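The values are calculated or read from the model by the stated rules, or taken from the named source; none is laboratory data. Because the structure is a prediction, the values reported are computed rather than measured. Neighbour counts are summed over all protein chains in view; Cβ atoms, including those assigned to glycine, are modelled from backbone coordinates with ideal geometry. Just so you know, the surface numbers come from the protein's heavy atoms only, side chains and all, with ligands and any DNA or RNA stripped out. Shrake-Rupley method; radii C 1.70, N 1.55, O 1.52, S 1.80 Å.
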Amino acid sequence: MSSIDTPADVPRPRAATRPAPTTLTWVTLALMTTASVASLRAAPTMAVYGLACVFLYLVPAIVFLLPTALVSAELASGWNGGVYRWVSEGLSKPLGFLAVWCQFAMTIFYYPSLLGFVASTIAYIIDPALASNGPYTAIVIVVLYWSGVWVSSRGTKALAGLASGGLIIGTLIPGTLLVVLGMVFLAQGNPSAAPMTASNLLPQWTGLASLVLIVNNFLSYSGMEMNAVHVSSLKDPAKEYPKSMFLAMGLVLLIFILPALAISWVVPADQLSLTAGVMQAFDAFFSYFNIGWLTPIAAVALVSASLAGMLTWLAGPSKGLLEISRQEGYLPPFLQKLNKNGIQQNILVTQGIVTTIIALGYALIPNVSSAYWIFSVITTQVYLIVYLLMFAAAIRLRKTQPDHPRGYRAPALRVLCVVGLLASLAALCIGFVPSSQFGSGSVWAYIAIVGGGLVILGFLIPWAFLKFRKPSWKTAPVTASSEGEQA
């Protein structure tokens, strides 16, 4: 679902001559998938737990990342069109709409948390004290989001290059630098801020709240299926898509685990900010090695990756929602209108109004880290609905359409789906338990905010669209060819 100028994402003109489809290599698709999933933004959250972050990343990787990657590989190699097509064929069209809606709706809370990280990173160029300033964070979120809407409204031709370029410049290079500096720092005899002994491999058990950490890591791994819509752009989808997914899995694990460890070596847990932790580590390393002039350069690189990721998500899920809504009449005509560049501008603007209101939470909630955590959990809760539907659909499709051509068949599909379903359901429930990251706020206020976000975004709004839709909302005919392009 990330953006690229392919037949699946961009409405084709009605002219007789159509442009040749874009061809992707499996390595390029792996980089695009990695860019959609991995970033250094999540590293501070796990760096708080030092060596235990390896355990906290590996467990959800086994019970969630692996099933998601293998199951989506089978679904994508058999049914073009992404999660809507999978769930519609496996379960029902209304549930297919719910899946694609949740894939879109989670971005409403994803943008404030992503841009909150960007705001804290930019603060290290201007004034590090601003990293914990709520009104400053809210202003940056609003300005950057609407700037992204303007860029996206100009067209999506260059966004694929931005995605892979942002991954290299803003994630791989800074992440590698952070790890190398950390290793040199330790090799010179400096003590690690977090103990690195075998007894610290497992996190300290503090009750049910300890499990909430895994919920945040489910969010870190979500999105592995996002680029399945581009499987038809590969030369040999049956062989290349699984290879692309496995390469992306390896890169994602490396990007998450190693930088988190490096941060834990230099920044004490009680001083670590969830939004500015990466820059805290860079600032500490650069000061130690007397290369402080690199701090703003590192900040610019991190910002470039986050903004590239935001542009990717802006153009992707909303485009998928638009395409199926035009064919099935799920959204009113106002939200289906395109601008002169063929971009779903009304959807982006409406989403932007809601995002702006949510961004004020950073100004109203005293602790920026608490606001960041709450928005991250709501994002996870809404997105988990997508995975519950995807795993259920995969089981049913294997049963009802066993002979349907699939370029790739996941081994032990039912076991993978059951593990994925149970893990997603457990994460959904555990998400209502406040973590220590939430601070000293009211538990009931936390439950009300998270539960309210999940119910309103994940259920009430899509139910209202389905309940009140009219035949006149269908603005595009359903054809065999267009059905395969649904995102």
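Dividing the mean sequence gap of close Cα pairs (under 8 Å, 6+ apart) by how many residues segment 26-468 holds gives a relative contact order of 36 percent.
Per-residue packing, averaged as other Cβ atoms within 10 Å, sorts the ranges 317-326, 51-60, 290-299 into the order 317-326, 51-60, 290-299, beginning with the highest. Scalar couplings 3J(HN,Hα) for segment 388-400, obtained by applying the Karplus form with A = 6.51, B = -1.76, C = 1.60 to θ = phi - 60°, are 4, 5, 5, 5, 5, 5, 5, 4, 5, 5, 5, 7, 8 Hz; x denotes Gly and Pro. Of the residues Ile447, Ile353, the one with the largest accessible area comes first in the ranking Ile353, Ile447, computed with a 1.4 Å probe on protein heavy atoms.
With the Cα gyration tensor of segment 26-468 in hand, convert its eigenvalues to equivalent ellipsoid semi-axes via √(5λ) and list them largest first in whole Å.
Details: eigenvalues 220, 121, 95 Å².
Taking √(5λ) for each Cα gyration eigenvalue gives 33, 25, 22 Å.
Extension gain, Ile173 to Arg396, is 76.0 nm, computed as 0.36 nm per intervening residue step minus the present C-alpha separation.
With a 1.4 Å probe and all protein chains in place, put Tyr288, Tyr49, Tyr110, Tyr84 in order of accessible area, largest first. Write out the running numbers ahead of the final one.
Working: Tyr288 90, Tyr49 60, Tyr110 25, Tyr84 5 Å².
Accessible-area ranking of Tyr288, Tyr49, Tyr110, Tyr84, largest first: Tyr288, Tyr49, Tyr110, Tyr84.
Solvent-accessible surface of protein heavy atoms, probed at 1.4 angstrom with all chains present, puts Arg409, Arg85, Arg414 in the order Arg414, Arg409, Arg85, largest first.
Roughly speaking, what is the centre-to-centre gap between segment 244-276 and segment 42-71 when only Cα atoms are used, to the nearest Å? Comparing the Cα centres of segment 244-276 and segment 42-71, I get a distance of 10 Å. Taking amide hydrogens as placed 1.01 Å from N in the peptide plane, the amide H of Leu234 sits under 5 Å from those of Leu24, each at least 5 positions away in sequence or on another chain. The string of couplings for segment 104-111 from the Karplus curve (6.51, -1.76, 1.60, θ = phi - 60°) is 7, 5, 4, 5, 4, 9, 5, 4 Hz, one whole number per residue in order, with x for Gly and Pro.
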